[in-house]
Structures are given as structure tokens and as C-alpha cells.
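Structure record follows, encoded as C-alpha cells.
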Amino acid sequence: MSDDVSSLPALRSLARRRVLVAGGALVALRAVPARAQTASELPQVAALADDLAGRVPRFGRLSLVIPRLADNGNAVPLRIAMSGLFPAGTELKSIRLYSPKNPVALMARFDFPAPPAKPEVDMRVRLAGTQRIAAIAELANGELHAAVADVDVTISACLDGT
Amino acid sequence: MAFARIQLPPSVKRGDAVEVRISIRHPMETGFRVDDDGRTIARNTLKSLTCRYGDREVLRASLGSGIAANPYLRFHITAVASGDLVFEWVDDAGEHGDARAALVVAG
């Protein structure tokens, strides 16, 4: 406690500057791989390509809410939600979830025989490693909407190399 | 064996969006695990899960090995009238399960 008090703010501001510089470097590093892939690029999954059958989904309305970094791949909270209005004839019919790295690509499928009160489903998923997952929503008029999300998984769900 | 918990708001008004949460006790075996003797444990997931509200089906789901053990789902239905929410499911082992909860709609 005998430190020269007047020098402390200067030290702090120096430390802060260092942190900012380091942070800036990190941001620059992250930005490079992010730019290499378009935000709306679907992962290469055979099951997904089969289900799309050449149709092109729209991006923007459907969203995947998942932690950017999942500590435990055995149970990762995930929300699939859709925004916008659903006029008569364009009700949400189904949602499918795909993973490029899991041994079973189609993770789950939800059908809504009656239009849901909110176009939103929450669940917990298993993820076999860092990957880009994708969801496809189909409306009553056949319109397809897609969303992708990148997830870093520190503990993979499948540890047996499958 | 079959065990599930369903959570609903205690009381809702007609026309409301009702949050439905269900958690089912199920191992959701992936089919890629082996037991202590080195034998593969057969895949066992909830291949079919349905939810009926009154006389209408409101959700149909197929949960694969990509869904975590003891699957949890949350979705929303529109409150129409008081009635039961009935969940029924079948897993890959052919075992059936069901759970129900009463929804009280006021007004």
C-alpha cells in the first residue's frame, strides 16, 4: 500500500492499452477464417442435399440459437426460431436439423400438423465435434428457409472415432 | 420405465401462446457405444413422438441420436379450450411411452 498512488492510473491505462491491442489482434485473427466462408453457406451434408432436391432455401428468417462455444457436446442447448409473419397458406409445417459431423446427419425432425403459436422449438443436441449445423424450415406453400450456425465443441459427444 | 415431466403454465387465456415443456427419461442410445464386454449397445432413440391437444395433433417429432439423452423439448401451442395434452412416443426398441398434462383455459 506504499505505492505511489499517482502512478497507478498511468499503469492501469498502459495495461488497458495492452489488453486492447491483444484483443484487436484476436479479432483480426478470427475475422480471416470467418470471411473465407459466407455466412449463408450450407454445410455439405448428403441428407440435406437429398432433402433439398435442388431447391434453394432462403436465409434470414430462420435462426439457430446455440452457444458459439459448447463445453460439452453431449448436451448443447439449441433453439430454432423463425421471425416474420405467416399469412394463411404459409404456416410453418416442418423443421429439420442437420449435422455434417454427427454419424447420423439428420438430428431431428419436427412436424407441425397445426400451426404452432410461436415458430420456435428448443431442445438439447449432441454434437460430435466443432462444426456448422444447419436447419431447414418448410412452410405450407413449399417455401424453404435455412439457417446455419457454427459451434466449437470442446468435448465431443462421440469419443469412439465414429 | 417410461417417465416424463410436462410443464405448463398454471392457467392461460383462450388464444394465448402456451409454452409447453417436456422432459422424457430416455437414454437416447446412439448405437455407437460399446458395453464393458465390447458389444455394441443397440441404437435406441425416440423415432416417433407425438403431442395431441384435445382432438388435434399439434406436434410430431422424430428425434435421432443427435438429440441429447433425456430429451427436452419446448414449443408453443395456441390455447383453445381446457383439455389434456397427451404425449406418446415409440423408441427403436419398440417400447411405447406416454404422458399427459391438463391445460386449464380460462375465459
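In the range A:84-132, what count of residues is obtained for those that are within 24 Å of residue A:44 (Cα to Cα), within 8 Å of chain B (Cβ to nearest Cβ) and part of a loop (DSSP other than H, G, I, E, B)?
Selection size over the range A:84-132: 6.
So which of B:69, B:81, B:61 ends up being of a type outside the set (D, E, K, R) and over 15 Å from the mean Cα position of the chain (by Cα)? Even if it seems obvious, please write down each step before you answer.
On the way: B:69 fails: over 15 Å from the mean Cα position of the chain (by Cα); B:61 fails: over 15 Å from the mean Cα position of the chain (by Cα).
Of the residues listed, the single one that is of a type outside the set (D, E, K, R) and over 15 Å from the mean Cα position of the chain (by Cα) is B:81.
Restricting attention to strands (runs of 3 or more DSSP E) lying wholly within chain B, give those where 2 or more residues are away from every other protein chain (no Cβ under 11 Å) and crowded, with 18+ Cβ neighbours inside 10 Å. Even if it seems obvious, please write down each step before you answer.
Numbers: elements: B:3-7, B:17-25, B:46-53, B:56-63, B:72-78, B:83-91, B:96-103.
Because the criterion is at least 2 residues that are away from every other protein chain (no Cβ under 11 Å) and crowded, with 18+ Cβ neighbours inside 10 Å, the strands (runs of 3 or more DSSP E) in chain B that meet it are B:3-7, B:83-91, B:96-103.
Within the range A:147-159, is there a residue that is under 13 Å from the mean Cα position of the chain (by Cα) and hydroxyl-bearing (Ser, Thr, Tyr)?
Of the residues in the range A:147-159, the ones under 13 Å from the mean Cα position of the chain (by Cα) are A:147-153.
Cutting the leftovers down to hydroxyl-bearing (Ser, Thr, Tyr) gives us none.
Within the range A:147-159, not a single residue is under 13 Å from the mean Cα position of the chain (by Cα) and hydroxyl-bearing (Ser, Thr, Tyr).
Say whether the condition of being touching a strand residue (DSSP E or B) at 6+ places or on another chain (Cβ under 6 Å), closer than 30 Å to residue B:35 by Cα and in contact (Cβ under 8 Å) with a residue 12 or more places away in the chain is met by at least one residue in the range A:47-55.
Looking through the range A:47-55, at least one residue is touching a strand residue (DSSP E or B) at 6+ places or on another chain (Cβ under 6 Å), closer than 30 Å to residue B:35 by Cα and in contact (Cβ under 8 Å) with a residue 12 or more places away in the chain.
If you scan the range A:71-83, which residues turn out to be more than 9 Å from every other protein chain (Cβ to nearest Cβ) and in contact with an Asp or Glu (Cβ under 8 Å, 6 or more places away or on another chain)?
Scanning the range A:71-83 gives A:78, A:80, A:81, A:82.
Rule-based calculations on the coordinates, nothing more; no lab input. This one's a predicted model, so the numbers in the text were calculated from it and none came from an experiment. A quick note on method: Cβ atoms are made from the backbone with ideal geometry, for glycine too, and the neighbour counts reach across all protein chains shown.
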